[in-house]
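The block underneath contains the structure these notes are about, expressed in structure tokens.
The values are calculated or read from the model by the stated rules, or taken from the named source; none is laboratory data. Remember, predicted model here, so these are calculated numbers, not experimental data. Please note: Cβ atoms are built from the backbone with ideal geometry, for glycine as well, and neighbour counts cover all protein chains shown.
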Amino acid sequence: MRLFIAIDIPEDLKEKLARVRAKLKECGLDAKWVNASNIHMTLKFLGEAPEEKLDEIKSIVNATAGNFGKLELNVGDFGFFPNETSPRVFFISTDKEEILKNISLQLEDRLESLGFPKEGRFKSHLTIARFRTKKNIDCLKNEIKGMAIEAKFAVCEIILFKSLLTPAGPVYEKIFCAPLK
């Protein structure tokens, strides 16, 4: 099964991001837009994982969550990975980067023993779109110049998601939730 560990965001923020996405789609970008209901913050992508490792993965997620307190995150600025000149991903950042990075690193350290490689490249963000080409990218850059999203949300848990890839796009299912202390 295909798995990832993430922080979910509240429905009201998903709705705000859906409105932003609808406005930005008017630029006619050559992009795959993330369905607003699927927007989340990935802490660790596991990929294909054997079902027999599921209990150990849940245990690691639970133990890691127990090392961190609840957070309140603010959404930040729009950005591009790897950079604005060669954009492949369009995102909105959040604050509390260091705490979130520590959570991600702890997950990576512990999951390495189960055969999941460390990446060490966590950056707190919510992916909005992935670009196929740079077509009309200047329109997007102009649109986001004066645009800001005012939103903050509580993070009370870390979630293990199962991802099913379908022709209509991925379908995510929460299979385990670990509360932050």
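For the stretch 114-123, enumerate the residues that are assigned to a loop (DSSP other than H, G, I, E, B) and surrounded by fewer than 17 Cβ atoms within 10 Å (Cβ to Cβ). Outline the logic, then answer.
Step one: of the stretch 114-123, the residues assigned to a loop (DSSP other than H, G, I, E, B) are 115-123.
G115, P117, K118, E119, G120, R121, K123, listed by residue number.
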Out of all the residues in the stretch 124-156, which are in contact with a Lys or Arg (Cβ under 8 Å, 6 or more places away or on another chain), not hydrophobic (A, V, I, L, M, F, W, C) and not in a helix (DSSP H, G or I)?
S124, R130, R132
Take E98 and tell me if it is within 19 Å of K152 (Cα to Cα), out of contact with any strand residue (DSSP E or B) (no Cβ under 7 Å at 6 or more places or on another chain) and without any contact (Cβ under 8 Å) to a residue 12 or more places away in the chain.
yes
Residue tally, condition of a type in the set (V, I, T), under 14 Å from the mean Cα position of the chain (by Cα) and either under 16 Å from I60 (Cα atoms) or at pLDDT below 95 (or both), over the stretch 150-181:
2
Which condition number in (1) farther than 25 Å from N83 by Cα; (2) modelled with pLDDT under 95 is the one that K145 fails?
(1)
Might you let me know whether the stretch 38-60 holds any residue that is touching a strand residue (DSSP E or B) at 6+ places or on another chain (Cβ under 9 Å), within 19 Å of P170 (Cβ to Cβ) and among the small types (G, A, S)?
yes
